[in-house]
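One structure is given here, and the rest of the page talks about it.
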2 protein chains.
Amino acid sequence: MSDIVILAVGGNALAPAGGGEYRAVEGRARGLARTAVSLLADNAQLIIVHGNGPQVGALALAQESVASYVPPQPLFVLSAMTQGQLGQLISQALDTELGRSGRAETAAALVTHVIVAADDPALSRPTKPIGPFFSEGRARRLADARGWSVAEDAGRGWRRVVPSPQPVDIVEIETIKELVRGGRVVIACGGGGVPMARDGNKLRGVEAVIDKDFAAALLGERVGASTLLLLTGVDQVSLHYGSMEEQRAIDTMTVAEARAWIDEGHFPAGSMGPKVSAAARFVEASDRQALITSLKAAPEALAGLAGTRVVA
Amino acid sequence: MSDIVILAVGGNALAPAGGGEYRAVEGRARGLARTAVSLLADNAQLIIVHGNGPQVGALALAQESVASYVPPQPLFVLSAMTQGQLGQLISQALDTELGRSGRAETAAALVTHVIVAADDPALSRPTKPIGPFFSEGRARRLADARGWSVAEDAGRGWRRVVPSPQPVDIVEIETIKELVRGGRVVIACGGGGVPMARDGNKLRGVEAVIDKDFAAALLGERVGASTLLLLTGVDQVSLHYGSMEEQRAIDTMTVAEARAWIDEGHFPAGSMGPKVSAAARFVEASDRQALITSLKAAPEALAGLAGTRVVA
């Protein structure tokens, strides 16, 4: 298990904020699968971690609308549902591409629980946006009616926000390692993993959504991955992002630079911030590399020719 | 892999037709896990196949109510969601029980695709009830409004019905075998598996729900299971079920007897019929045994002291 790549892809790379028509969603999964399979070419093994923001938000909306006759399920159950939903989507697309490329690997999507600390201060501070965008007025009315927290999301509109604690352990880690050893392209820790807290000998579900980039960083550390590859909407991380004069794309940054730039507020909390932070955490823990780039530039980034590289 | 037990449990054993409050659902999963772990005692390995009738129906209802702003997903995607939902529920409960019993196994819930024949005549004949019960009038109005097929379900009310084709192959079968060999209690083929048809080199989703007992029978055959254990609401299969005078519980039946009694109409189509039929199919294909019994009587049935045994 010397050359494992962890590929983390956002839920919004698979569907828009509202959820998405299945045909469009399937097309996006095919694109992801094509790139993912191309990354396997050099004898690397692959684990895919997907997000679930749009999907879990859509499920939450849907179930609340029928709450009077179908009991609503907790948020962590909805995350588990999205592991099934996107696990099947991605594994089906991967199997098609793997077959077409004549590769021996097959896909395996594993339902994954991720442990968080019961006293994580993030649990009382909802920050992670999920589900569709609303106008401020509608968002505030929904917040009142349904007990949600809502917030403005990176200039794009208002959304429901939920707590996003740090992942500290992965329940199914040994199974994931075995599946990788067995020649599977594994889909694991979907949506950041189903969040659980230890309660004596038992695990209990936690009403939160773990950031999938942090879950991917932890997973990468635990399986000894060589590269953590975090996909985003742009080819490279930039300083002064959005400023015509000052914006500057970064080819390589050290962990120390990453931390300094985070502190200086270069990366928005809801988007690039957690990615740079997760990349830094992985590199620090593993002494290997992290890459932040777009799906399209991912193969070049892995070859050292594109993207933003985070190193020790 | 000489002593594998396939345990098939209905979605309605985990939640009532409407979906169920999570706390109640969790309690039922604990009960299932306790019994399942007790079956492991004699060095048997275990694969659990769950149904998803109530859960997939609840999801279908919920998503249709928000269809104007969240695109509805196909039925097979909803089945995949229930694999995540019930896979996490059962694996969490199993891990707790396994830990408490000091056993080395851990649970692994795998997203599973099951192949059906594109020309299966069942695809044009909706028979499988899913979701909540309605009055006849409400059911007919919903059928008109939403393009559903509806039917009366075993004297208990009206429900939506969907096609239920026969499973012919399991995409992830090698992964399931590896997980069992690796000491996992595997949860697979949930809800009968996500139904797929071959379309050249590709798989495409099929708008249907595969009967989980038939999927369990096929899985049992493919992994070389020693026992197919189909759970139901009663301890034994009966002839003339419901007749005060003639009802007679069956301890053991041969495949030939099972088929004759099915033909004579002893077992209702929506409930005991598919179970007896799936049991007969497994025994015929494998020359091993099938058991039909309740969760409570399952350990005794496996010891040959309760339940209905189907033999060659």
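The values are calculated or read from the model by the stated rules, or taken from the named source; none is laboratory data. Note that the structure is a prediction, hence the values are computed from the model and not measured. Note: ideal-geometry Cβ built from the backbone for every residue, glycine included; neighbour counts use all protein chains shown. The accessibility values were calculated without ligands, DNA or RNA, using every heavy atom of the protein model including side chains. Shrake-Rupley method; radii C 1.70, N 1.55, O 1.52, S 1.80 Å.
Side notes on the structure shown:
- Note on the stretch B:266-291: among residues that are free of Cβ contacts under 8 Å to residues at least 60 places away in the same chain and open to solvent by 60 Å² or more (accessible area, probe 1.4 Å), the one that is farthest from the chain's Cα centre (by Cα) is B:D287.
- B:D213 meets the conditions (1) open to solvent by 10 Å² or more (accessible area, probe 1.4 Å); (2) charged (D, E, K, R); (3) touching a helix residue (DSSP H, G or I) at 6+ places or on another chain (Cβ under 8 Å) in every case but one. The failed one is (1).
- Unmet criterion (only one of (1) β-branched (V, I, T); (2) out of contact with any Phe, Trp or Tyr (no Cβ under 8 Å at 6 or more places or on another chain); (3) facing chain A (nearest Cβ under 8 Å)) for B:V77: (2)
- The stretch B:67-98, subset of a type in the set (S, T, N, Q) and under 19 Å from A:I130 (Cβ atoms), residue least open to solvent (accessible area, probe 1.4 Å): B:Q88
- Every residue from the stretch A:231-253 that is among the hydrophobic types (A, V, I, L, M, F, W, C) and either closer than 14 Å to A:T308 by Cα or open to solvent by less than 80 Å² (accessible area, probe 1.4 Å) (or both): A:L231, A:V234, A:V237, A:L239, A:A249, A:I250, A:M253
- Residue within the stretch B:230-244 that is of a type in the set (S, T, N, Q), under 17 Å from B:S294 (Cβ atoms) and either touching a residue at least 40 places away in the same chain (Cβ under 8 Å) or not assigned by TED's automatic domain parsing to the domain that holds B:A290 (or both) present: yes
- Taking the numbered list (1) surrounded by 24 or more Cβ atoms within 10 Å (Cβ to Cβ); (2) within 14 Å of chain B (Cβ to nearest Cβ); (3) of a type outside the set (A, V, I, L, M, F, W, C) in turn, A:R204 passes all entries but (1).
- Residues being of a type in the set (F, W, Y) and more than 22 Å from B:V206 (Cα to Cα) - total across the stretch B:143-167: 1
- Condition check for A:A145 on (1) within 14 Å of chain B (Cβ to nearest Cβ); (2) aliphatic (A, V, I, L, M); (3) outside any strand (DSSP E or B): one failure, at (1).
- Selection within the stretch A:295-305 - open to solvent by 60 Å² or more (accessible area, probe 1.4 Å) and either outside any loop (DSSP other than H, G, I, E, B) or touching a residue at least 60 places away in the same chain (Cβ under 8 Å) (or both): A:K296, A:E300
- Test for A:T308: is it surrounded by 20 or more Cβ atoms within 10 Å (Cβ to Cβ), under 14 Å from the mean Cα position of the chain (by Cα) and modelled with pLDDT of 95 or more: no
- Screening the candidates B:G270, B:G224, B:G307 for the property of being touching a Lys or Arg at 6+ places or on another chain (Cβ under 9 Å) and at positive phi yields one hit, B:G224.
- Matching entry among B:G20, B:G10 (being within 14 Å of chain A (Cβ to nearest Cβ) and modelled with pLDDT under 95): B:G20
- Within the stretch A:99-138, being open to solvent by less than 10 Å² (accessible area, probe 1.4 Å) and of a type outside the set (A, V, I, L, M) holds for A:T112, A:H113, A:G131.
- Residue count for the stretch A:160-187, restricted to those that are open to solvent by 40 Å² or more (accessible area, probe 1.4 Å), within 10 Å of another protein chain (Cβ to nearest Cβ) and free of Cβ contacts under 8 Å to residues at least 60 places away in the same chain: 3.
- Considering only residues in the stretch B:101-116 that are in contact (Cβ under 8 Å) with a residue 24 or more places away in the chain and not aliphatic (A, V, I, L, M), the one that is farthest from the other protein chains (Cβ to nearest Cβ) turns out to be B:R103.
- Filter result for the condition that a residue is part of a helix (DSSP H, G or I) and within 9 Å of chain A (Cβ to nearest Cβ), over B:A36, B:A58, B:A15: B:A58
- Given (1) more than 14 Å from chain B (Cβ to nearest Cβ); (2) in contact with a Cys (Cβ under 9 Å, 6 or more places away or on another chain), index of the condition A:D213 fails: (2)
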